[in-house]
Amino acid sequence: MGAWVKVGILVLAVLLLCVPMMVACGGGGNGGTAPPTGTTPPGPTKTEKKVITIGNHTDLTGVAAIAMETVNLGLDDIVRYYNENNLIPGIEVEVVKYDGQADPSKNVPGWEWLKERGADAVMVWFPFVAMALQPMAEKDRIPLFVAQAPRESLETPGYMFVTSLGLEDMAWNLSEWIMENEWDWQTKGPAKFGGAVGDTDGLEPAMRTLEKYAEMYPERMTWVGGYVLPTSGFQWRTAVEALKDCDYILPGNLFPFFLKDYVAAGYSKAKLIGTDSHMGWYALVEDMKLWPHIDGMVLVCQSEWWGEDGEYVRLSERLMSEYHPNSVDEIKQAGHSYNSLGNGMMLLEGIRNAAAAVGPENVDLQAIYEGLQSVKIVFDGVQRFSFTETKRTVVDRVAIYKTDSTLKTNVRASDWFPVLTAP
């Protein structure tokens, strides 16, 4: 299905893509490494294993269903991989799906439905679902894995675990890297930054952080302004005119439509900035012939891009090749959506920690909750992800990528570096 055909349905799914999918790796306990990929260690037969259930509060038939297909696929595939390779001896993990249809009225009914079916943890992908279910998770003491949540919701560490880089930290790390590695503010003076996002993107915290950076470092950055417009309107002319003199612009996730209006108005000065979620729209960039206009777009990411030489991306590409050999190109065209398997890996590592601590037959909600708090994830010798007793956002390190309009892909611009926490 072509990008233009999809976009009518996908536009309302953009609230899903407002955050990057977590791209974890295997390994738990104290500084674990990626899970083995070639052998199946001995263990109990399937009939002897205890079943642990992951509830997937997703969209199967609603407005975001097409976008969610690859997301659901990644979670299913990593569970299959762990089961087939007996990576949690004594445990068989299953996934049950609730069709929330991206409908807020189904948030709580979905939680109850999954709980009734024995969910030992619940995965959600939409920020509005996460915030609605956090009180339920605390009350029922069921771990809730979410793609993104406001920083204030994590002030008291509890049963909600966030599997991506916080929006505030995303903006702060972009600002710092650009000022230290790209923009010569000592010679040119402060760079002009602005933002133009959709009302379903959830990117307002990122824009507020950019504005805060400008207030703290006026010699480096000037904040021109931030604009929040209806995503479904595809009308960005007001924001385009207001931001025409910017050097850098943070667009909404469905950024090709903003860019189309920006180019049509005759402007070309600004570089776009973003994160993993913006990578999901390159097919639309291609269809709209906009690749020349995003050259050098600066992206802060928590996973490798396709084709790189790294433990995580090799595993990801291996699974899609083995499980879906006829759909590899289509899966990759969805950007990092398939990296939902990383969200699943982080939870599975918590379950593995629990089984190792109390024995597979004794794994319960409390054991999983405690196991999650000792997860440490190492890829290629570098700790990239972790939860602790007080840390509920998983990302430890990120890297900067830039778009290359000639090759029509992303290229690495930095090594992995520790996340700087926004003040």
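The values are calculated or read from the model by the stated rules, or taken from the named source; none is laboratory data. The shown structure was predicted, so the numbers you read here are calculated from the model rather than taken from an experiment. Don't worry about glycine lacking a Cβ; one is built from the backbone with ideal geometry, like all the others, and counts go over all protein chains shown.
Just to be sure before I move on: is Ser327 polar (S, T, N, Q) and surrounded by fewer than 24 Cβ atoms within 10 Å (Cβ to Cβ) in the structure I sent?
In short, yes.
Quick one: how many residues across segment 172-215 are over 15 Å from Lys271 (Cβ atoms), aliphatic (A, V, I, L, M), within 23 Å of the chain's Cα centre (by Cα) and not in a strand (DSSP E or B)?
Residues that pass the stated criteria total 3.
Quick one: which residue in Arg318, Arg384 is in the same structural domain as Ala119 (by TED's automatic domain parsing) and exposed (fewer than 15 other Cβ atoms within 10 Å of the Cβ)?
So the residue among Arg318, Arg384 that is in the same structural domain as Ala119 (by TED's automatic domain parsing) and exposed (fewer than 15 other Cβ atoms within 10 Å of the Cβ) is Arg318.
Take Gln134 and tell me if it is in the same structural domain as Glu69 (by TED's automatic domain parsing), at positive phi and within 20 Å of the chain's Cα centre (by Cα).
No; evaluated as a whole, the condition is false for this residue.
Among the numbered conditions (1) modelled with pLDDT of 95 or more; (2) over 19 Å from the mean Cα position of the chain (by Cα), tell me where Ile273 comes up short.
Only one criterion is unmet by Ile273, namely (2).
What tally of residues in segment 162-204 results from selecting those that are over 24 Å from Phe234 (Cβ atoms) and of a type outside the set (Phe, Trp, Tyr)?
Result for segment 162-204: 26.
Give me the pairs: first residue in segment 230-242 and small (Gly, Ala, Ser), second residue in a helix (DSSP H, G or I), beta-carbon distance under 8 Å, and six or more apart or on different chains, which are they?
Within 8 Å, the pairs are Ser232/Val11; Ser232/Leu12; Ala239/Phe258.
Working only within segment 96-139, note down all residues that are of a type in the set (A, V, I, L, M), closer than 25 Å to Ile66 by Cβ and in contact with a helix residue (DSSP H, G or I) (Cβ under 6 Å, 6 or more places away or on another chain).
Val122, Val124, Val129, Ala132, Leu133
Would you please name the residue that is modelled with the lowest pLDDT, looking only at residues in segment 196-248 that are hydrophobic (A, V, I, L, M, F, W, C) and surrounded by fewer than 17 Cβ atoms within 10 Å (Cβ to Cβ)?
Filtering segment 196-248 for residues that are hydrophobic (A, V, I, L, M, F, W, C) and surrounded by fewer than 17 Cβ atoms within 10 Å (Cβ to Cβ), the one modelled with the lowest pLDDT comes out as Phe234.
Select from segment 121-143 the residues that are assigned to a helix (DSSP H, G or I) and not charged (D, E, K, R) and list them in ascending order.
Matches in segment 121-143: Pro127, Phe128, Val129, Ala130, Met131, Ala132, Leu133, Gln134, Pro135, Met136, Ala137.
Matching residues to (1) closer than 20 Å to Ala367 by Cβ; (2) in contact with a Pro (Cβ under 9 Å, 6 or more places away or on another chain):
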position	(1), (2)
Trp111	no, no
Trp125	no, no
Ile142	yes, no
Arg151	no, yes
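Given the options Leu250, Leu290, Leu299, Leu272, name the one that is hydrophobic (A, V, I, L, M, F, W, C), touching a residue at least 24 places away in the same chain (Cβ under 8 Å) and farther than 21 Å from Gly166 by Cβ.
After ruling out the rest, the residue left standing is Leu290.
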